[in-house]
Each structure stands twice: as C-alpha cells, then as structure tokens.
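Structure first, commentary second.
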Amino acid sequence: MKIINRIHKANAGRDPERLAMKYAAMRTDPFIFLRGTCHLFYDRQSKSGIFKSAPVAWCCGDLHLENFGSYKGDNRLAYFDLNDFDEAAKAPVTWELSRLMVSILVAAPGLGLSHDDALALAAHFMQAYSDALRLGKARWVERETSAGLVGDLLHQLQHRSRVMFLNRRTQKKGGERRFRIDGRKILAVTDEQRHKVQQFMATFRASHPQPHPDFYRVVDIARRVAGTGSLGVERYAILVQGKGSPDQNYLLDLKQALPSSIAAHLPDLQPAWRHQAERVVTIQRRMQAVSMAFLQAVTIGKQSYVLRALQPSEDRVPLAGQQHHPEHLRGVLEVMGQCLAWAQLRSSGREGSAIADELIEFSSRQKWRGKLLEACDDLASQVNEDWKTYASAYDDGVFRLV
C-alpha cells in the first residue's frame, strides 16, 4: 500500500483542524514523522526471528524518546515513568525495544549526534534494560536520588504550585477561570461538543462522589492539542471546580481511545476488552509504578475515552530540538531502559504475559542484542526514506498521492 494512502487510512475520521496540524508537523522532521506514524512503523517491522521468539510482555506500544515523563500520581507524589499507553498491547519485548531504539537513531541529527553516537546510545539503553531485567525486581525512579535531566524534571514538578499551573492555561474572568484559547494548545469547542462533555461530566459527578461535592462541576471546556500520533483524535481539556474556584480548580484530560496499531499485527496475543479505553487504562495501571491521578476508562454513547489529570507536555525530558553531548544523554537513556524493564516485570505473568523468570532468562542472553541493534538500524533507515516520500508528497497542506 502506498505510504500516503496508508497514512490517510490510519487518520480517517479525525478532527480536520488538528489533523492538519499533525500533517504539517510530520513534514518538518523525521522524528516527528516517526511519532505520528506508529501504524506504519509496525507495518514495516519484521514478524520473524527475534521479533517472534522473544518473550511476550505488556507494552506501551509506542515507546519513543518523548513518551517518558513526570506526572503526579493518584497519591499526589511525583513520578518519572512511561506515560503514553494509547497503543498499549501484549507483544514480544523486542517490538517495544525496537521502537525506542529506532527513535534514538532517527532523532540523532536533531540532537546533534553522529550515527555512531546514536548506535552507542541505543546499545546503552538496551544494556540498561537488560541489567534491570536481570535483577528481577520492579523499582521506580526516586525523586530524592534522581539526577540530571530526570532529577530536574521531578524537582520542577514537585515545586510547581496549582496556581502557577492554572495561570499558564487559564485566565480569571469575574472570579472564575476560563481557558486561554490560543489556537496552538487550546482550541474552542462547538456548542454541541460542550453540551456532550457537560452531560457526561454530570453523570460522572453523580457516580463518583468527592469530599468536596462540587469537585467535578464543569467550569470550562476546550479542545486540547497535544502529542503527535493522537492529534485529531477527539480530545478535551476540562476545567472543574475542584476544591474551590478560582485557585483550587483542577484540569482534566478526556481523550477518545482508538484501536492499537501493535495489537492489530498480533491479534492472537490479545485478550478480549470491553472497549479500547479499558485496554489503555488496564495496561497503564499494570505497568506504571503508580497510576496517574484521576485515571479512568469511561464511555460516552458508543465511544470509549480515557479520563485523567491533564499532563502538560512540559513534563517530558526536553530532548528534541536541542543539541546534546552523548554523555549528557547516557543517564537519561539508562533511566528509560530501567523504567521499561521495571514496567515489564511489574506486569509479568498477567493474562499470558511472560513470567519474571522468563524475562530474567532472556536478559542473560547475548545473541539477540546485536541482531536487534542491526534490525533497528535498518528500520531507522526505512523511517527516513518514508519521511522523505511523505515530505515530497505534501505541498501547502495538500497531499499528492505517490
């Protein structure tokens, strides 16, 4: 299937305004293109050899450099972990590893890295993952002991006040807050969309009582622009009363859940889910050390959605678009490798996933590592070729089919 047709098919039915933003962003850089075409990545990946024989584990499904970050858990403490589970599914562990390693190789020019540097960093990530897996104990990143970019991120989140957070995204009007409609991160909703979300939240509020009775009372609603792969998916930012207006309001994220690209290639490995949001939330709860605040799988009519605390894009490690010395990135990638290993150990033995002993035994093998690094190098080259094809077919917001 031609690349442009495949991209069109995967994005069919999305909000045209935000989809146009996605298509334009994907043209600018091969790493952004990779982030926006998870479906194409798994179309290209081999389904044999190490991509078939590796142990099967729960995976976030779209592991790349931008899908780790800090967040406040449901216990209100700050954590650094995998943070995007839209594509989550069960798969051989090499599928998950390859996505992250390819993202290092594809992002290398934008990070100021040579190809050899990127290969060395991908190997370092793989080594950190294997070392953490071999220990067989699921841990988590501690704010007190974290260092470098990850430590900076956690300390920044820990010291960010609610008022500071609200002031960046809302403005006060008559004693209440309203979203700043900036046309970049926040877009206006239609009357129909506002009514739909308000009706849902009224029902949700009635079935989820809080110590503050008006906690889930809706103050304002907007369409949210965030991420790359999911741009154009139905998604809302919701400002609720929280513990009191205007400075104790809370921000929620309501996002439609769509089928997983990785699961589509491995249907025989997947359990039966009631709906896509149940898949996302269940796997996220299994893999993360502590769940994000307010994480829920909900339905509106026949569609399912993930509801959670709004997580700003600023809570990711600032890598893309900046020049880095390889040594500057080794620590970050080491933490990322550990987080992945811990997530797989934490969710091991659930609904047919490999038990911890199988994962530990896999980590002690050596042969698969060289094969995976070579396969990832080939996959990265394919991503760059696909991006060139895509970019040449995109002209002033219009695609020419190729």
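The values are calculated or read from the model by the stated rules, or taken from the named source; none is laboratory data. Everything numeric in this text was worked out from a predicted model, so none of it was measured. Every residue, glycine among them, receives a Cβ derived from its backbone with ideal geometry; neighbour counts consider all protein chains shown. With ligands, DNA and RNA removed, areas are computed over all heavy atoms of the protein, side chains included. Shrake-Rupley method; radii C 1.70, N 1.55, O 1.52, S 1.80 Å.
Quick rundown of the values:
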| read-out | value |
| --- | --- |
| Matching residues in the stretch 306-364 - criterion: being farther than 19 Å from L153 by Cβ, among the β-branched types (V, I, T) and either at pLDDT below 95 or open to solvent by 20 Å² or more (accessible area, probe 1.4 Å) (or both) | I355, I360 |
| Cβ pairs under 9 Å, 6+ apart, first in the stretch 212-237 and among the acidic types (D, E), second in a loop (DSSP other than H, G, I, E, B) | E234/R14; E234/D15 |
| Of all residues making up the stretch 162-180, the number that are in a loop (DSSP other than H, G, I, E, B) and either open to solvent by less than 30 Å² (accessible area, probe 1.4 Å) or under 15 Å from G244 (Cα atoms) (or both) | 2 |
| Residue list for the stretch 115-146, restricted to those being within 21 Å of E66 (Cβ to Cβ) and exposed (fewer than 14 other Cβ atoms within 10 Å of the Cβ) | H115 |
| Residue within the stretch 319-341 that is within 14 Å of the chain's Cα centre (by Cα) and free of Cβ contacts under 8 Å to residues at least 40 places away in the same chain present | no |
| For T299: the one exception among (1) in a helix (DSSP H, G or I); (2) polar (S, T, N, Q); (3) open to solvent by 10 Å² or more (accessible area, probe 1.4 Å) | (1) |
| Residue in the stretch 241-262 that is under 26 Å from E96 (Cα atoms), in contact (Cβ under 8 Å) with a residue 24 or more places away in the chain, open to solvent by less than 30 Å² (accessible area, probe 1.4 Å) and in a helix (DSSP H, G or I) present | yes |
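Condition check ((1) touching a Leu at 6+ places or on another chain (Cβ under 7 Å); (2) in a helix (DSSP H, G or I); (3) under 16 Å from F51 (Cβ atoms)) across all residues:
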position: W342; (1), (2), (3): no, yes, no
position: R350; (1), (2), (3): no, no, no
position: A354; (1), (2), (3): no, no, yes
position: S363; (1), (2), (3): yes, yes, no
